[in-house]
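Taken together, the values in this text are just the output of simple stated rules run on the coordinates, not laboratory data. The structure displayed is predicted, hence computed values, not measured ones. Here the Cβ positions follow ideal geometry from the backbone for every residue, glycine too, while neighbour counts run over all protein chains shown.
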Amino acid sequence: MVYRSNAQKFSLVLKTLLGFALATCLSLSPLATGRSRALVESSQLTLTAQNFHIYTSGNLRFVVGVKSETLINEITTNPKAVFRISLGQKITSGEKQVRAINDATEEFVATDSVDLTIREVTRRSDGQFELIALSTDIKSGTRRIEFDGPGIYPVRVEVVVDDISRAILTSFVNRFNPSRETRPMPINVVVALDAPITLQPDGTRLISQTTRTKLEKLIKLLKLDSTRMTVQISPELIDGLSRSTDPDDQTLLVQLVAALGDAPLVMAPYVQVEPSAASANMQTDQFDALIKRGMATWQQVLPTARTISNLWLSRKPLDQNGLDLLVKSGVRSVLMLPASSVALGEFDNAARPYRLASNGVDVSLHLVDKSYVEQLSRPADNAFSAATFLAAQILAQRNEIESEGGTPALRRVVLASRDGSVINEDLIHEMILILSRVPQQVALRTMANMSSPRLDAYKPILPKVNTTNYAARNTKIAELREDLEKLRGTIATDAPVWNDWDERLLVMSSDSMTDAEREKFISATRDQLKTIRQSVTLQDGTTFTLGSRESTLRLDLQNSSDFSMTVQVRVASSKLRFKNEIASIQIPAKSSNELVVDVVALSNGLFPVEVRIFTADGQSQLGKKIEVSARVNALAGLGQVVSGVGLLLLATWWVAHIRRKYRKKISKNHPVLRSKP
């Protein structure tokens, strides 16, 4: 390494200023300007690793890749090619200054720099270059990068060939003194995964490819950082995965359950429902049912899960009526996602502590910090570089609070994407990895066991939410529920269809379901109901023969449904008298049972008999009226006697006839009786 004195540093600064002035003059020439910009932008550096936390007298280390083979050749062959590491001014204005430097190169002001020749860097086996620069916090007159005490600093890495910058990247480092006692600022990483309803009108389950991709990203992140995250996943989605017949969905469920580990799970209603709308439409019972169904789903899929039942993740604006409903359900903390907190207007500021109140109960209110929402809501080409940028903002925010006399430990930073899902799992993991290495400055925590709100926390007024009137929707669901309940005593209580119908009714109450989708569910359910009501049958047109005045009708009832059914059967005829016109019978699933009805014939002949099948309580007819025929021969015994007498008379006549014929023959041949000639 070549020693650089303070005089040389001054000379370097002077050269830089002269170079800047020359560049300004050249900007008058479009050709020169275009050529210079092309030289800088023709190739880019890619940052793949660095030492973000630089302890006192520690080293700056960067691993960079160069995309252009031409530039790599110049770096390795041109003796005037160097890697330049420049340190910018310490960040003093928080995360906004970090973003300004990252977005605009002119905001970067170098305070020190070191040039490294190709002999002073390491070429790795993968082709990347490893750069190391020594550092110091005091004026040393050496080639050490001079820091101005602890804090966040921008750093620029350049490839300079023949005094021309050919490629640039900007990053940040945290100059950190581990011996300094500080209280860490709490950081919460929150993931809330919702999805389209998986239940289909025909009863099947469908998980979209978009949802599968979100699950895969979440699983990948959970495998690495489950204990440092707070997670909420739609119970209906979990239910859909567990019931799906697609092998890919079953695999995802197994991986998800294994990856969740000790991650705390925030309880959620079975399907999306907003408490403000539920309260306004007097649907508190339905809201409670959805909450209970959501908890039951998780207990079935993951009985050992660490659940958080007193925290509500609000996706949409919340008003006081909605808060009252939540408090009655046991909620004591509310976290507003970006789409929810926007309704607070001027109070949509995550830097301020808030509290809410409902019927004498204090509720802590937290907001997702919108400073980082957009960064967590879009893909990043370089996850490591993006994570470094994000970590620098968070630590700069902390340092600004401290420098202004505040207490970072009282400031909670909640990180989440716009919709709560995982967009870039690598970015989040790298950020968590970076921040976890300075527990003295920040503390990665979950939102389990949240403390009570601070007494000095501001209490905003929750604006009234303009909720939709669900009267028409509720009427249709109520009518369908009433029709289903008519079969309560008819269908076996343990039949799975009851759970299916309960689930359909719950799903149809979801705020995320459109009116058109709801109509499809109602239509499909009514079609199923119609089929079930017609499943107990008797062959129409059957003829029964009654051989005596008192006889029986044997009705062979068939049940084509998948569950046993208890029905009431009523028979009627003007020519028959029934000892029991109404009879109940249970018919097994996919089977038959014979109902025997005692009858008394009032006359002979062929005449119709009406058979009607009702629910077990006799209140609702199942299917259409069935007509059969009865043929009655009530006096059939007299005919048999007459026939017998006729046969006896005929036999007697034949016997008499044979005897006369025989006597004639004897008298003709007898000598005494024979006449003389």
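Equivalent ellipsoid of region 471-531: semi-axes from √(5λ) of the C-alpha gyration tensor, largest first, are 21, 11, 11 Å.
Students often check this: by mean Cβ neighbours within 10 Å, which of 269-277, 481-489 ranks highest, and how do the rest follow?
Values: 269-277: 23.7, 481-489: 14.9.
Per-residue mean Cβ counts within 10 Å order the peptides as 269-277, 481-489.
Residue separation of residue 552 and residue 126 scaled by 0.36 nm, minus their Cα-Cα distance, works out to 144.0 nm of gained length.
Region 508-538 and region 578-593 have Cα centres separated by 28 Å.
DSSP assigns beta bridges within the chain; of those with both partners inside it, close to 70 percent run antiparallel.
Quick one: 372, 153, fewest Cβ neighbours within 10 Å first, how do they rank? Kindly include the intermediate steps, with their values, before the conclusion.
Details: 372 21, 153 24.
Sorted ascending by nearby Cβ count, the order is 372, 153.
Placing one equal scatterer on every Cα of the chain and applying the Debye formula, the log10 ratio I(q)/I(0) at q = 0.07, 0.10 Å⁻¹ is -0.68, -1.03.
Assigning unit charges at the beta carbon (Lys, Arg +1; Asp, Glu -1) and nothing else, what dipole magnitude in debye, to the nearest 20, does the chain show about its Cα centre? Kindly include the intermediate steps, with their values, before the conclusion.
On the way: 82 positive and 71 negative charges, 907 e Å.
I would put it at about 4360 debye.
Helix 247-260 and the long axis of the chain differ in direction by around 50°, with both axes built from C-alpha atoms.
Amide hydrogen proximity for residue 145: with H placed 1.01 Å from N in the peptide plane, the residues at 5 or more positions away or on another chain lying under 5 Å are 134, 135, 136. Name the shape class, rounded, prolate or oblate, that the alpha-carbon gyration tensor gives for region 256-369, where a ≥ b ≥ c are the square roots of its eigenvalues, rounded holds for a/c under 1.5, and otherwise prolate holds if a/b is larger than b/c and oblate otherwise. Here region 256-369 falls in the oblate category.
Based on DSSP H runs of at least 4 residues, each adding -39500 (n - 2.57), what is the mean residue ellipticity at 222 nm of the chain after dividing by all its residues, to the nearest 500 deg cm²/dmol? -11500 deg cm²/dmol, from helical runs alone.
With a threshold of 24 Å on the Cα-Cα distance, the over-threshold entries among 217/292; 292/328; 214/316 are 217/292. Only Lys, Arg, Asp and Glu carry charge here, each on its Cβ (+1 for the first two, -1 for the last two); on that basis region 188-445 has a dipole of about 460 debye about its Cα centre.
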